[in-house]
Amino acid sequence: MPITSQAVVLADDDPNLLIRIREEASGLAFPPRGTVRCVGRPLFRTQTARDVGCLLDVDPAVTAWACLPRVLHHRDEWHVPGLAVTRATHVTLLDAVPTSGAPPLPGWVPVAAQSLGHRYEIRHEIDVRDGFRLENARDLLRYASYRISLGDRVRLLALLDEHGPLPLAACMQAVRDARDAIGVIAALALRRFLEIELDEARIGPDTRVARFRG
């Protein structure tokens, strides 16, 4: 599915409220800055929401995602979910919940999302930060806009086609056109030409690299 605004930005019947919420979020900044599958402006109200965005960018099941997508209503109450996530078969409205400082989410939100035909999900900070995946995703996203030569891309893919999965250090030897071999491999992983093992340990010389299979 191509990444289009229609895929993730949902229709809304309260545009003025949504504009205000987005303007408030635009004054906040949470690292890292780069994204690869975010449609529209990356706008986050908490670092936890930004961290979830990092994980979405390295989730092979995610087609696209958008920030602060729409207003949900229940009687005289309203709520704006932090993210809308598009996968092959459905859209999920998602809220990222920090460990402290966040008000409780209204109990009617899941029902409101479902009434619009969407799933609803909550991600808690303690779960988002568990394991190695988040820090590895953050490292990769430093190279979200890194430019890759056609020669380096073809050489790396041919190497993996010939030998199968290889350690990161071996893949770096195939990079000739760029000063930063890690940047080439990271950018190819973010663009889904390659797969990098993100869960076993922090990315290092022995990290497994393979062709992306989806």
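Observations
- Dipole moment magnitude, nearest 20 debye, the chain about Cα centre, only Lys, Arg, Asp, Glu C-beta charged: 580 debye
- DSSP-loop chymotrypsin sites (Phe, Trp or Tyr not before Pro) across segment 41-118, with at most 15 other Cβ within 10 angstrom: W108
- For the chain, built as a Gaussian network whose Cα springs stay under 10 Å, the top-fluctuating residue of A137, A25, A49: A25
- Cα gyration tensor category, rounded, prolate or oblate, for segment 138-214 with a/c compared to 1.5: rounded
- Backbone N within segment 26-70 under 16 Å of label point (7 Å from R119 Cα along the Cβ vector): 56-57, 59-66
- Taking the charge dipole of the chain about its Cα centre, with +1 at Lys and Arg Cβ atoms and -1 at Asp and Glu Cβ atoms, the residue from L168, L198, H118 reaching farthest to the positive side is L168.
- Sorted by Cβ neighbour density within 10 Å, fewest at the top, the residues R192, R50: R192, R50
- Ellipticity estimate at 222 nm from DSSP helix runs (n ≥ 4, -39,500 (n - 2.57)) divided over the chain, nearest 500: -10000 deg cm²/dmol
- As a rough footprinting exposure proxy, the listed residues V62, V39, V85 were ranked by other beta carbons within 10 Å of their own, and the order from fewest upward is V62, V39, V85.
- In terms of Cα atoms, the Rg and Dmax of the chain work out to 18.9, 62 Å.
- Of H90, H118, H74, the sequence from fewest to most neighbouring Cβ atoms within 10 angstrom is H90, H74, H118.
- Segment 27-89-segment 121-188 distance, computed between alpha-carbon centres (Å): 23 Å
A short reminder: the numbers here are calculations on the coordinates, not readings from a lab. Computed from a prediction, not measured in an experiment: that's the story for all the values here. In this analysis, Cβ positions are derived from the backbone assuming ideal geometry, glycine residues included, and neighbour counts consider all displayed protein chains.
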